[in-house]
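Take a look at the structure set out below.
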Amino acid sequence: MDSDSLARNRLAHALFRRRLPWPVPDWAAAALVVAVAYYLAAHLGFALTLKPHPTSTLWPPNALLMAALLLAPARAWWWLLAAALPAHLAAELQSGVPTAMVLGWYFTNCSEALIGAALVRAFVPGPFRLDGLRSAGVFLACGALAAPLLSSLLDAALVRWIGWGQGDYWTLVRLRFSSNVLAEITIGALILAWAGAGLGRLREAAPLRHAEAVALFAGLLATCLLVFDLPQAQNGLAPALFYAPLPFLLWAAMRFGAAGTASAIAIVTVTTIWGAVHGIGPFAGGAPQDAARDMQLFLIAMAVPMLLLSVAYGERDRARGEAREQRRQLTHLSRVAVLGELSGGIAHELNQPLTAILSNAQAAKHFIADKNAEPELLVEILQDIILADQRASEVIRRLHALFKRGDTLLQPLDVNELVADVLGIAQGDLVARSVAVVPELAVSLPAVEGDRVELQQVMLNLVMNACEAMSPATAPEERRLEIRTHAEKGEVLISFVDTGPGLAPAQYGKLFEPFYTTKAQGLGLGLSLSHAIVCAHRGRLWATPAKGRGAAFCIALPAIAQPR
Amino acid sequence: MSSAQACVSIVDDDMLVLRSLGRLLQSAGFAVRTFSSPHELLESRGAASPGCIVMDLSMPGLSGLELQEALARAADPRPVVFISGQGSVDTSVAAMKAGAVDFLTKPLDDGRLIGAVNAAIEKDRAAREAHAARASVEARLATLTKREREVLELVVAGKLNKQIAAELGTAEKTVKVHRACMMRKMQVDSLAELVRLWTATRSPATG
């Protein structure tokens, strides 16, 4: 896998550097990696061959070649196929097969990789990623079914024509076809899944994930060795034992994606065939051809659904993650929008203490320069400077808490405290717009569970909306915002009642729809996001006309503890 | 020095800022009074004493601009220096049009604040002096009899005694007596001086 992803990187590198006069060394490096891997894969194929069966149970070089083509741009394909020739010759000529047959096999192996890669690319353009049900389906249908079938028809014909193999044409087709299908599903999928997942993800994962992976693969390996590679497994229980690796495969599919599942399948495949080759395990004992067929059917029947399941899980997890990220971004966007609306007020909130600090310091300087500084006066000045400084830090702290981007953090919250914090943040705007705040906060409220930042953002949004509704529509002396909190039927209610012009009856129904706005410069996201946030807290947010004039916005949140 | 008697009234709803500005202006040698709301300032009836007002533009209850209007209605002549944390062009233009001496943004530069306060106090002093001079002329005018007033108006219009006598239908000698009385009451020695006083009362009020 590592060598393959290295090859992929090299290929990509070469693509980006194609304007250089010598792109060849990069292709050569990728091709060399493929050649070495092809040679090793051929030896693995020999090792997994049931003697004196002429065709390997699992023939990995073709699958490796196809995976390399799928990861590389089409213009690199001929380099990679050419690189496989010396590796093919070096591996096959040791086995005493006639040279014509060896060359014929090279031709049919290349044809399989080419047919598969071309068909897959026709449906899924660009470098292949095993990351969705569609791409997995295309790979299984074209790469693991059509390509082995077509190349096996060709291969069997060549074998008959050269006259080297035994058996009739259709037997040859069946033998080669099944060993190549198994190789594509195990080795091909393994390479493609790991190339897509990347090794970087392994390093980023949490220690607990590493521990889980170790537990999974150790358990799977132990189970497989026990079931397939020990003599005592050859008893009446054998068919039932075939299911022993299944829980591990499901575990891998649900928790470790396509790469984890393909790795688990590879472990099952190698241990199964290794046991049969060495005459142990449930598949040993019968005729080699029957054993090979049984193993291939068993492994293919297990691998295909597991691969599809892992891909489907991965797709669903990704969709969920994207939805979560989208909501996070929207929440942040609306925070930034609120920040924009607030910025005038924030400047005022910071300017006040800064002014006090500067003027106090300058006064002290003048007093001292005029030798007019009494110690008591200087102490008073310093005391005021400290107070002003503390006030400025408090403004910064509240803003930081409000606009810090982070994950939702549920904790017990005092609603009155939230209201006080929000009023502190909005103070500048309330004053600038001459809005008088009338808080009526219940004395002993039960706590609610929620995210402090998100709930503050909702309240701030309602306060800012009320300010904008009243200024300039309402005369300054009548601009009043009543904020009431009280507990009722296991809920904590917070209402914001303004004395603005109110809303038309038709508007109340649409208020919480995204992109609905009554403001000239509004985004129309504030209330819909607020609604989403309150709903995520299992609460309700609604609007009603206020008594007299204006509008009332109410939040109801489930209480978590009874008041003392 | 006039600024020694003049008093600077500071209005800001933020106690920390109010105290710091008070200290800063005290350290520069001004007499200072502080008010934490526009209503306190209006109720203090400080219009009679010389000085100026330094106030925050945005305060709850009554905004700075509204307070400026209220002062104008109360015939408080004291010049206003506005300070603001968030000076928009619109509000500063409105403030300056309504007669503000200066418009400073927080945090304040002490040099600029002291300069603005000095300019405001100077403006107040000049206005008060002009007002006082005019009031004294008006007082002198009020002591004239009806006939003396008629004579005065004709004299400053450049008429000779003979012409005045003809116009008023009296003897030239009588006009001379009225004229001498009028000059004495107006406390002037020359015609030129009389004309200057007279034009001063007729020119539009300043300050």
Where a label projected 7 Å from the Cα of residue A:486 along Cα→Cβ would reach, residues of region A:528-562 with amide N under 20 Å: A:540-562
Size of charge dipole - the protein assembly as shown - debye, nearest 20, with Cβ of Lys, Arg +1 and Asp, Glu -1, no other charges: 1660
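Treat every Asp and Glu Cβ in chain B as -1 and every Lys and Arg Cβ as +1, leave all other atoms uncharged, and give the resulting dipole magnitude about the Cα centre to the nearest 20 debye. Write out the running numbers ahead of the final one.
Values: 26 positive and 24 negative charges, 277 e Å.
Once rounded to the nearest 20, the dipole reads 1320 debye.
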Approximate spin-label separation residue A:246-residue A:203, in nm, with each point projected 7 Å along Cα-to-Cβ: 4.0
Cross-link reach list, lysines versus residue A:365, counting only Cα pairs under 24 Å and skipping chain neighbours closer than eight places: B:106
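Would you compute, from DSSP H runs of 4+ residues alone, the mean residue ellipticity of chain A at 222 nm, taking -39500 (n - 2.57) per run and dividing by the full residue count, rounded to the nearest 500? Before the final figure, lay out the partial values.
Working: 20 runs with 365 residues, N = 564.
Counting only the DSSP helices, I get -22000 deg cm²/dmol.
Using only atoms on other chains, find how many Cβ atoms lie within 10 Å of each Cβ of peptide B:98-108 and report the average. Spell out each step's value before the answer.
On the way: counts 0, 0, 0, 0, 0, 0, 0, 3, 11, 11, 6.
For peptide B:98-108, the averaged partner shielding equals 3.
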Dipole in debye (nearest 20) - region B:143-202, about Cα centre, beta carbon charges: Lys, Arg +1; Asp, Glu -1: 100
Cα Rg, Dmax, region A:358-484, angstrom units: 19.8, 59
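Is there a pair in B:97/B:123; A:489/A:547; B:123/B:146 whose C-alpha atoms are over 26 Å apart, and which pairs would that be?
On the way: B:97/B:123 16 Å; A:489/A:547 23 Å; B:123/B:146 36 Å.
Violating the 26 Å limit, Cα to Cα: B:123/B:146.
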Residues with amide H under 5 Å from that of residue A:492, placed H, sequence gap 5 or more: A:557, A:559
Evaluated at q = 0.05, 0.06, 0.07, 0.10 Å⁻¹: base-10 log I(q)/I(0), Debye formula over Cα of chain A: -0.41, -0.55, -0.66, -0.87
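Using DSSP, restrict attention to beta bridges with both residues in the protein assembly as shown and report what percent are antiparallel, rounded to the nearest 5. Don't skip to the answer; put the middle values down first.
Values: 24 of 48 bridges.
For the protein assembly as shown, the DSSP antiparallel bridge percentage is about 50.
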Average other protein chain Cβ within 10 Å of Cβ, residues B:5-17: 3
For region A:411-564, the fraction of alpha-carbon pairs in successive 10 Å shells from zero, as %: 11, 42, 36, 10, 0
Top positive-direction residue, dipole computed over the protein assembly as shown with Cβ charges, set A:64, A:278, A:387: A:387
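Got the relative contact order for chain A handy, in percent, Cα pairs under 8 Å and 6 or more residues apart?
Numbers: 796 pairs, mean separation 53.7, N = 564.
Taking the mean separation of contacting Cα pairs over the length of chain A, I get 10 percent.
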Degrees separating the helix B:172-185 axis from the principal Cα axis of chain B, which is the longest one: 30
Euclidean distance between Cα centres, region A:412-428 to region A:123-185, Å: 68
Between helix B:146-156 and chain B: long-axis angle, C-alpha atoms, 0 to 90°, nearest 10: 80
FRET efficiency, 1/(1 + (r/R0)^6) with R0 56 Å, evaluated for residue A:475 and residue A:316 via beta carbons: 0.50
All aspartates and glutamates inside 12 Å of residue B:162 as judged from Cα atoms, apart from same-chain residues fewer than 8 positions distant: B:172
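State whether region B:2-129 is rounded, prolate or oblate according to the following rule on the C-alpha gyration tensor (a ≥ b ≥ c being the square roots of its eigenvalues): a/c under 1.5 gives rounded; otherwise a/b larger than b/c gives prolate, and the remaining case gives oblate. Walk me through the intermediate numbers first.
Values: a/c = 1.25, a/b = 1.09, b/c = 1.14.
Note, shape of region B:2-129 comes out rounded.
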Signed unit charges on C-beta, dipole axis of the protein assembly as shown, positive-most listed residue A:446, B:101, A:226: B:101
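Quick note: the coordinates plus some simple rules give every number you see, no bench work behind them. Everything numeric here is computed off the predicted structure, so don't read it as measured data. Using ideal geometry, Cβ is built from the backbone for each residue, glycine included, and neighbour counts are taken over all protein chains shown.
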